[in-house]
Amino acid sequence: MSKVSDTFIPLRIAVLTVSGWRTEQDDTSGDYLRQAAEEAGHQIVARAIAPEDLYQVRAQVAVWIASAEVQVILINGGTGFTGADVTPEAIGVLFDREIAGFGELFRMISYEDIGTATLQSRAIAGLANRTVIFALPGSTRACRTGWERIIVEQLDARQRPCNFYPHLKE
């Protein structure tokens, strides 16, 4: 498979919000990620809200990893430093390969906006069963930063010199 394409290739994306208090009516971060992905030309094939529970987050992500319909999982929430923030622990064990540079780059970019508070961000990404998974903080601002400054380009098969498309399920 070629590393890049000359044409845009829409991807099938699932969006997961990890929160103990958000609902479908006030999930602004999940709404942002859905809308941004659709505006970029991708298809949202699943969406859910999971409580801040390690096993429920892991179970939902595992279902999507196993699904032939999901190529990308965008997670918002649960990446901070409190005891309730369990997303990295929930999903890290599912990765076949961690994308270490994602968290590093996200924190570097976030430093421009929030200074040293970025130390408490545990944004993480990885590849599991040819599904790329990005976990962002729960704030809409952080989701916008991650999507616009990193993720949107890496989900575009035209992005040179490389992108994640060749690593995903067909």
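Note on segment 149-170: residues that are out of contact with any strand residue (DSSP E or B) (no Cβ under 6 Å at 6 or more places or on another chain) and closer than 27 Å to ALA84 by Cβ amount to 2. Restricting segment 127-170 to residues that are part of a helix (DSSP H, G or I) and β-branched (Val, Ile, Thr) leaves a set whose member that is surrounded by the most Cβ atoms within 10 Å (Cβ to Cβ) is ILE151.
Filtering segment 59-88 to residues that are farther than 20 Å from GLY146 by Cα and surrounded by fewer than 19 Cβ atoms within 10 Å (Cβ to Cβ) leaves ALA59, ALA62, VAL63, ALA66, SER67, ALA68, GLU69, THR82, GLY83, ALA84.
Selection of segment 38-47 for residues being surrounded by 15 or more Cβ atoms within 10 Å (Cβ to Cβ) and either under 14 Å from ILE133 (Cβ atoms) or of a type outside the set (Gly, Ala, Ser) (or both) yields HIS42, ILE44, VAL45, ALA46, ARG47. All of ARG122, ARG160 fail the test of being in contact with a Ser or Thr (Cβ under 9 Å, 6 or more places away or on another chain) and either over 23 Å from ARG22 (Cα atoms) or in contact (Cβ under 8 Å) with a residue 40 or more places away in the chain (or both), apart from ARG122. Of all residues in segment 1-27, those that are within 21 Å of VAL86 (Cβ to Cβ), over 15 Å from the mean Cα position of the chain (by Cα) and β-branched (Val, Ile, Thr) total 1.
For segment 14-30, name all the residues that are modelled with pLDDT of 95 or more and surrounded by fewer than 17 Cβ atoms within 10 Å (Cβ to Cβ). THR28 - this is the single residue of segment 14-30 that is modelled with pLDDT of 95 or more and surrounded by fewer than 17 Cβ atoms within 10 Å (Cβ to Cβ).
Just to be sure, is GLU98 farther than 24 Å from LYS169 by Cα, of a type outside the set (Lys, Arg) and modelled with pLDDT of 90 or more? Against the criterion (farther than 24 Å from LYS169 by Cα, of a type outside the set (Lys, Arg) and modelled with pLDDT of 90 or more), GLU98 does not qualify. When GLY138 is tested against (1) of a type in the set (Gly, Ala, Ser); (2) within 16 Å of ASP85 (Cβ to Cβ); (3) modelled with pLDDT of 95 or more, exactly one condition is not met: (3).
The values are calculated or read from the model by the stated rules, or taken from the named source; none is laboratory data. A quick note: this is a predicted structure, and the numbers were derived from the prediction, not measured. In this analysis, Cβ positions are derived from the backbone assuming ideal geometry, glycine residues included, and neighbour counts consider all displayed protein chains.
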